[in-house]
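The values are calculated or read from the model by the stated rules, or taken from the named source; none is laboratory data. None of these values were measured; they are calculated from a predicted model. With ligands, DNA and RNA removed, areas are computed over all heavy atoms of the protein, side chains included. Shrake-Rupley method; radii C 1.70, N 1.55, O 1.52, S 1.80 Å.
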Amino acid sequence: MNIASAIFDRSAPDLASCPDESLPEFAFIGRSNVGKSSLLNLLAGRQGLARVSPTPGFTKLINMFTMNRTWRLVDLPGYGFAQVARKDKAKFNQAVAEYLQERPNLCCVFQLIDSSLPPQKIDLEFVEWLINSSVPFVLVFTKTDTVKPDVVQANIAAFTQCISEWCENLPEIFTCSAVAKHGRRELLGVIEAAITEFQAQAPVAELPPEPPQASSPGATGPDARGTRAKSRRPW
Ligand SMILES: Nc1nc2c(ncn2[C@@H]2O[C@H](COP(=O)(O)OP(=O)(O)OP(=O)(O)O)[C@@H](O)[C@H]2O)c(=O)[nH]1
Ligand SMILES: [Mg+2]
């Protein structure tokens, strides 16, 4: 997929501050410093679009970027960063949880996991939360340039073994490296397929509401907002 334009839309502190729900969205979540902002830049093909920093906890808001004027990438704050003040942390968590659970145009979450580490409790807990919340997601193992391929494979195998009891079908699994510029084509493929599905489920046409039938005085026309039902994958 060619990305002709990649534009910062806004930094939203909460769900209510997000833009309207007309465009399909794809969000990055994972531990602080796992490489969310770097992967967003890799997919967008724009270095510096999302701010990257070696300091954990750098991304603090729901940062939205519009691609090709038709879909959005969403950079979320990381979890598991102890230095964030307790009150702020709770606020971030609530804003992120609400965004993930209640955003109807959120097509897929990319849950990022550091490929150089064995399964971490906090990542496993987050996957369990996504499953229990019926949030559609894929797993992306990041920073594959930092360890040997067999270490990456062993860590992926151990992680999937841990989560297998929570889901009938394992989520799709990808690897990436923002440094080696690896994984872009595969993840853009996921996005392209999801956009096609989103568009297929969108209302066919904006028809004017039908007049109420005489026999059913309370009847109304189609939902005037044109919002669609949530599409949820079965894991
Ligand atoms: N070697 C290597 N380093 C990476 C990769 N991706 C990101 N980094 C580095 O990891 C650090 C954190 O990257 P970010 O993209 O800011 O991570 P983040 O998940 O957005 O972090 P927060 O916003 O703090 O939650 C930076 O120093 C990046 O340069 C990668 O694929 N390989
Ligand atoms: Mg970030």
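Observations
- Of all beta bridges that DSSP places with both ends in the range 29-184, some 35 percent have antiparallel geometry.
- Close amide-amide hydrogen proximity is noted between Leu112 and Ile29, Gly30, Val140, each under 5 Å apart and 5 or more residues distant or on a separate chain (H modeled in the peptide plane; Pro and chain starts excluded).
- For the range 104-147, the spread of Cα coordinates along the three principal axes comes to 37, 21, 9 Å, biggest extent given first.
- For Thr175, residues with placed amide H under 5 Å, excluding near neighbours: Phe141
- Surface accessible to a 1.4 Å probe, per residue, for the residues of the range 140-193, Å²: 56
- J(HN,Hα) series, the range 166-181, from Karplus relation 6.51 cos²θ - 1.76 cosθ + 1.60, nearest Hz, glycine and proline x: 8, 9, 5, 10, 5, x, 5, 10, 10, 10, 7, 9, 5, 6, 7, 6
- ³J(HN,Hα), Karplus 6.51/-1.76/1.60, whole Hz, each residue of the range 5-12, x for Gly, Pro: 9, 9, 10, 5, 9, 6, 10, 9
- Partner aspartates and glutamates for Lys60 [C-alpha distance under 12 Å; skip if fewer than 8 residues away on the same chain]: Asp14, Asp75, Asp88
- Theoretical gain in end-to-end length, Phe8 to Leu170 [0.36 nm per residue, Cα-Cα removed]: 55.0 nm
- Here's the list of aspartates and glutamates a cross-link from Lys148 could span, going by alpha-carbon distance under 20 Å and ignoring same-chain residues fewer than 8 apart: Asp114.
- Within the accessible area of the range 105-189 (1.4 Å probe), percent carbon and sulfur: 53
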